[in-house]
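Q: Sending over a structure as structure tokens; questions will come in a sec.
The values are calculated or read from the model by the stated rules, or taken from the named source; none is laboratory data. Keep in mind that this is a model prediction, so the values were computed, not measured. Glycine gets a Cβ as well: all are built from the backbone with ideal geometry, and neighbour counts include every protein chain shown. Each accessible area value is taken on the protein alone, full model and side chains, heavy atoms only, with ligands, DNA and RNA left out. Shrake-Rupley method; radii C 1.70, N 1.55, O 1.52, S 1.80 Å.
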Amino acid sequence: MKKIVGFLALTGLLLLAGCSNKATGSDTDTLKVGASPTPHAEILEHIKPLLKKEGVNLEIVKFDDYILPNKSLAEGEIDANYFSTVPYFNLQKAENNYDFANVAGIHLEPMGIYSHDIKNVADIPEGATVIVSNVASEWGRVLRIFEENGLIKVKEGVAIDKATFDDITDNPKKLVFKHDVEPTLLATAYENKEGDLVAINSNFAYEKGLNPVKDSLMLEDQDSPYVNIIATRTEDKDDPRVKKLVAALQDKEVQAWIEEKWGGSVIPVSK
């Protein structure tokens, strides 16, 4: 009899434990999102309370590079990532056969061209060296900035995310584009004065205390296709937790907070 009573008691405890775990939803309601530290992770941190109200426990995993967020997503270590632009996302999918979905655009970070010594575009000297990242999907973005400022001409009909430095048809100042630097090292290259001009992704510029709107010599237009997105594995694109994440990020009050916090150097989008 004692054995039977003990067995029933143990069974009851196990059932209660199971009910308790189910009630908390600690596993099923947690959403793990990989993000660049600035501004992505900061924005995610800001919306944590909103998601908590919606029953989603947001866990933020910070990445300092552009490779690991996609690898981690593909390997199931995170549920979504928030760091890449549309062109980079498309390039990575093609190169690595990632089965990913672009769920939603969240914001644009206009790329800036920085210089310690040059204060006006007209003063850029002949033969000036321009330091650019080694990410091919960023090259057309840089070329477009220089073209819009009347410094070069690019072959007509070339898509911005496909353009390379071989597509320059006119370069009157004989600018030298060096495109062999890791994105994470661009701000350091600027600090070390390794080039006359340096094209820096805004998230890395922020980390060095640079404000693209105030500190750049040239700034990308707001109609740029280089929107930062939420990406998931294709099978998870309709996950209710992801939909709640996007809704929170595109909330009007959240977007207003983003604009105020970064002074127009991070521009919210809803597409």
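Q: Sort out which residues of the range 58-103 are more than 13 Å from the chain's Cα centre (by Cα) and among the hydroxyl-bearing types (Ser, Thr, Tyr), and write them in order of number.
A: Ser72, Tyr98
Q: Another question, then. Of the residues in the range 47-70, how many are surrounded by 12 or more Cβ atoms within 10 Å (Cβ to Cβ) and over 27 Å from Glu138 (Cβ atoms)?
A: 11
Q: While we're here: What pairs come up if the first residue lies in the range 244-269 and is under 16 Å from Gly105 (Cα atoms), the second is among the charged types (D, E, K, R) and open to solvent by 20 Å² or more (accessible area, probe 1.4 Å), and their beta carbons are under 7 Å apart, counting only those six or more places apart or on different chains?
A: Filtered contacts from the range 244-269: Lys244/Glu54; Pro268/Glu259.
Q: Would you pick out the residues in the range 162-179 that are farther than 29 Å from Phe89 by Cβ and in a loop (DSSP other than H, G, I, E, B)? Steps first, please.
A: So in the range 162-179, the residues farther than 29 Å from Phe89 by Cβ come out as 170-174, 176.
Asn171, Pro172, Lys173, Lys174, listed by residue number.
Q: Additional query: Is it the case that some residue within the range 204-223 is surrounded by 15 or more Cβ atoms within 10 Å (Cβ to Cβ), without any contact (Cβ under 8 Å) to a residue 60 or more places away in the chain, among the small types (Gly, Ala, Ser) and under 29 Å from Ala94 (Cβ atoms)?
A: no
Q: When Leu185 is evaluated against the numbered criteria (1) without any contact (Cβ under 8 Å) to a residue 40 or more places away in the chain; (2) surrounded by fewer than 20 Cβ atoms within 10 Å (Cβ to Cβ); (3) not in a helix (DSSP H, G or I), which criterion, by number, is the only one it fails?
A: (3)
Q: Among the listed residues Asn228, Asn201, Asn149, which satisfies the condition of being in contact with a His (Cβ under 6 Å, 6 or more places away or on another chain), surrounded by 15 or more Cβ atoms within 10 Å (Cβ to Cβ) and either within 30 Å of Lys53 (Cβ to Cβ) or not acidic (Asp, Glu) (or both)? Walk me through how you get there before you give the answer.
A: On the way: Asn201 fails: in contact with a His (Cβ under 6 Å, 6 or more places away or on another chain); Asn149 fails: in contact with a His (Cβ under 6 Å, 6 or more places away or on another chain).
Result: Asn228 is the single residue among Asn228, Asn201, Asn149 that is in contact with a His (Cβ under 6 Å, 6 or more places away or on another chain), surrounded by 15 or more Cβ atoms within 10 Å (Cβ to Cβ) and either within 30 Å of Lys53 (Cβ to Cβ) or not acidic (Asp, Glu) (or both).
Q: Right, Ile43: among the β-branched types (Val, Ile, Thr), touching a residue at least 12 places away in the same chain (Cβ under 8 Å) and not in a helix (DSSP H, G or I) or not?
A: no
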